[in-house]
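Asker: I am attaching a structure below and will ask some questions about it afterwards.
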Amino acid sequence: MPTAKAEQAARTRQRVLLAAAEVFDEAGYEKASVTQIVERAGLTLGALYFHFGSKQGLAEALMNAQPTTIEPRLTSTGLQRLVDITLVWADRMKRDPVLRAGVRLATEQGSHGMNDATSFEEWRALMCSHLDVARCSGELRDGLDTDRLARFVVGACTGMQVYSDLATKRDDLMERVCDMWDFLLPSIASEAVLRDIHVGPTRLPAQ
């Protein structure tokens, strides 16, 4: 059972992470400062450096936190789970600063000297795990390469959110994700389950 000290440390870490997400989301990595972040959090620089070590450490933590903002909200399995992950992701990109900051930092990292594909690879591995469940359940067409499909979906979602952000401030991101599945599902889902895979905002879990 966590001690009171450990619980306090976890709360402090989360306060720093949320404040950093808001500042990175608003200003980007280069323009964000650790002073802005601790002022937003109402904490000290010592707290930031204790939990994350540096501004880059904070950025890495946010990039790698993306799946944890989505996965706990879902109960579906297999191919439907993969679809649901992308739908919840599209929905939360409009209102979750931790997710938005993680995505922004990951896609813009080359501009501030970072070259870390970990967050993309974690998404790929997560999607592969659900595709493996789908394969074992007979939900996928024979011969489908699940790793290639997972890499494609990660890349497609990355590009879609950039395009959607520029065009509509992500107002149409959900529509774009649904379009992707309308095109993809007939070529990847087995005939037995194709009609049972649902796409659209109705798949979003209750808030």
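Read-outs throughout are calculated quantities, based only on the coordinates presented, and are distinct from any laboratory measurement. Note that the structure is a prediction, hence the values are computed from the model and not measured. For neighbour counting, all protein chains shown are included, and Cβ atoms are generated from backbone atoms with ideal geometry for every residue, glycine included.
Asker: Mind checking whether some residue in region 107-124 is buried (at least 17 other Cβ atoms within 10 Å of the Cβ) and aliphatic (A, V, I, L, M)?
Answerer: no
Asker: Same structure again: Taking region 151-207, which residues are of a type in the set (K, R), over 16 Å from D91 (Cα atoms) and touching a helix residue (DSSP H, G or I) at 6+ places or on another chain (Cβ under 6 Å)?
Answerer: R151
Asker: Is it the case that T168 is among the polar types (S, T, N, Q) and buried (at least 16 other Cβ atoms within 10 Å of the Cβ)?
Answerer: No, not satisfied.
Asker: Based on this model, can you work out whether M174 counts as within 27 Å of K31 (Cβ to Cβ) and surrounded by 17 or more Cβ atoms within 10 Å (Cβ to Cβ)?
Answerer: When the stated conditions are applied, M174 does not pass them.
Asker: Looking at (1) surrounded by 19 or more Cβ atoms within 10 Å (Cβ to Cβ); (2) within 22 Å of C178 (Cα to Cα), find the lone condition where S76 falls short.
Answerer: All conditions are met except number (1).
Asker: When you check A61 against the structure, is it over 30 Å from D165 (Cα atoms), in contact (Cβ under 8 Å) with a residue 24 or more places away in the chain and part of a helix (DSSP H, G or I), yes or no?
Answerer: no
Asker: Then there is this: Just give me the residues in region 23-37 being within 17 Å of V98 (Cβ to Cβ), out of contact with any Asp or Glu (no Cβ under 7 Å at 6 or more places or on another chain) and buried (at least 17 other Cβ atoms within 10 Å of the Cβ), in sequence order.
Answerer: Listed by number, the residues that qualify are V23, F24, D25, A32, Q36, I37.
Asker: Now a separate question. Please determine, by comparing only the residues of region 172-207 that are under 20 Å from the mean Cα position of the chain (by Cα) and among the basic types (K, R), which one is nearest to V83 (Cα to Cα).
Answerer: It comes out as R203.
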